[in-house]
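Trainee: Pasting in a structure now, in structure tokens, and then I'll have a few things to ask.
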Ligand code: C2E
Ligand code: CA
Ligand code: CA
Ligand code: CA
């Protein structure tokens, strides 16, 4: 038993070591990645369920890393958040998404916006709004074209400052979506205290929604509550026709998922939007 224990420990130690090395590699190469244009954006269409139109797109970052195959944002974003390096990357993402937007918007439904994910560490900085406005000026984008996706975790840290910042953004006409709703420590009070326009239901509720009675009940409840508060529901990760039928039945307003479209680079996105119009 002792021996097995030691082996387990050694294995764990090695795994941990590899993880630390990967994190170090990621941190040490992000600036070079920015300089060498290793980052790009993909855009995932969002479908308004009633009209069946593309009524928004979400920008998602990709890093083609020379030394790490298939590096996912789910891995590198948290690492760059903890080192603070997310901030220069985040400005790059906003600048890129906002400049691409002018060429994408004509293909979308009236009132469509480009959604950008913003990290807790970023939005809670005191100069966030000023910097965001600078990028908006540079890229000539209007507040009514932008939606920022935030997660609940940011509220836990610094509720007072976070609310104040979000209020200012909303006053300017920038929309705010609450991402990954239902995961982590959901506080329903956020729904009334934050100037939120959309609630994005986490994929874990949508997976197997067509057969999973308990998830149907949860989604039905969150949806009716959100509607009473004047919020729209976005169903994330809809992969099958029967999941789509179910989220429609449960009164979700918007869907996003592989069934309609995977996240696409700029050119394929334009192609997708052109075809969908015909
Ligand atoms: P998220 O904001 O919840 O983004 C949705 C994720 O679900 C994306 O993963 C998207 O590709 C994936 N997805 C969309 N539809 C489906 C589906 O039908 N099935 C499945 N299985 N997955 C689907 P991605 O691009 O790997 O991003 C992972 C996470 O990394 C994001 O989760 C977000 O938290 C973070 N992230 C990605 N891009 C950015 C960014 O530009 N800035 C920041 N701060 N975070 C980002
Ligand atoms: Ca998101
Ligand atoms: Ca999400
Ligand atoms: Ca399924």
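Where a number appears in this text, it was derived from the coordinates with a stated rule and is not lab data. In this text, all values refer to a predicted model and were calculated from it rather than measured experimentally. Positions of Cβ are generated from backbone atoms using ideal geometry, with glycine treated the same way; all protein chains shown enter the neighbour counts.
Trainee: What percent of all Cα-Cα pairs in the chain falls in each 10 Å bin, counting up from 0?
Mentor: That works out to 6, 26, 33, 24, 8, 2, 0, in percent per bin.
Trainee: Turning to a different aspect of this structure: For a Förster distance of 45 Å, can you work out the FRET efficiency between the beta-carbons of residue 140 and residue 192, rounded to the nearest 0.05?
Mentor: That gives a FRET efficiency of 0.85.
Trainee: Could you work out the pair-distance distribution P(r) of the range 156-236 from its alpha-carbon pairs, with 10 angstrom bin width and percents rounded to whole numbers?
Mentor: Result returned by the calculation: 17, 49, 26, 8, 0.
Trainee: Tell me, in nm to one decimal, what length is gained between residue 267 and residue 20 on full extension, where the rule is 0.36 nm per residue of separation less the Cα-Cα distance?
Mentor: Values: separation 247, 0.36 × 247 = 88.92 nm, distance 3.63 nm.
Result: 85.3 nm gained on full extension.
Trainee: What does the C-alpha gyration tensor say about the overall shape of the range 45-156? Classify as rounded when a/c is under 1.5, otherwise prolate if a/b is larger than b/c, or oblate. Write out the running numbers ahead of the final one.
Mentor: On the way: a/c = 1.67, a/b = 1.37, b/c = 1.22.
The shape class here is prolate.
Trainee: Taking the Cα centre of each part, how many Å lie between the range 260-278 and the range 129-207?
Mentor: After rounding, the separation between the Cα centres reads 26 Å.
Trainee: I've got another one for you. If one computes P(r) from the Cα atoms of the range 202-278, what percent of pairs lie at distances over 17 Å?
Mentor: It works out to 47 percent of all Cα pairs.
Trainee: Which of rounded, prolate, oblate describes the range 115-203, given a ≥ b ≥ c as roots of the alpha-carbon gyration tensor eigenvalues and a/c under 1.5 marking rounded, otherwise prolate only if a/b is larger than b/c?
Mentor: Verdict is prolate for the range 115-203.
Trainee: Under the rule of -39500 (n - 2.57) per DSSP H run of 4 or more residues, summed and divided by the residues of the chain, what mean residue ellipticity at 222 nm is obtained, to the nearest 500 deg cm²/dmol?
Mentor: -16000 deg cm²/dmol
Trainee: Please list 127-137, 77-87, 63-73, 234-244 highest first by mean number of surrounding beta-carbon atoms within 10 Å per residue.
Mentor: Details: 127-137: 14.7, 77-87: 16.7, 63-73: 12.8, 234-244: 20.2.
Going by the mean number of other Cβ atoms within 10 Å, highest first, we get 234-244, 77-87, 127-137, 63-73.
Trainee: Contour minus end-to-end for residue 239 and residue 274, with contour as 0.36 nm per residue of separation and end-to-end as the Cα-Cα distance?
Mentor: Working: separation 35, 0.36 × 35 = 12.60 nm, distance 2.21 nm.
Answer, rounded to one decimal: 10.4 nm.
Trainee: Which of the peptides 51-61, 14-24 is most tightly packed, and how do the rest follow, going by the mean number of other Cβ atoms within 10 Å of each residue? Write down the numbers at each step before the final one.
Mentor: On the way: 51-61: 19.9, 14-24: 11.5.
Averaged packing, sorted descending, gives the order 51-61, 14-24.
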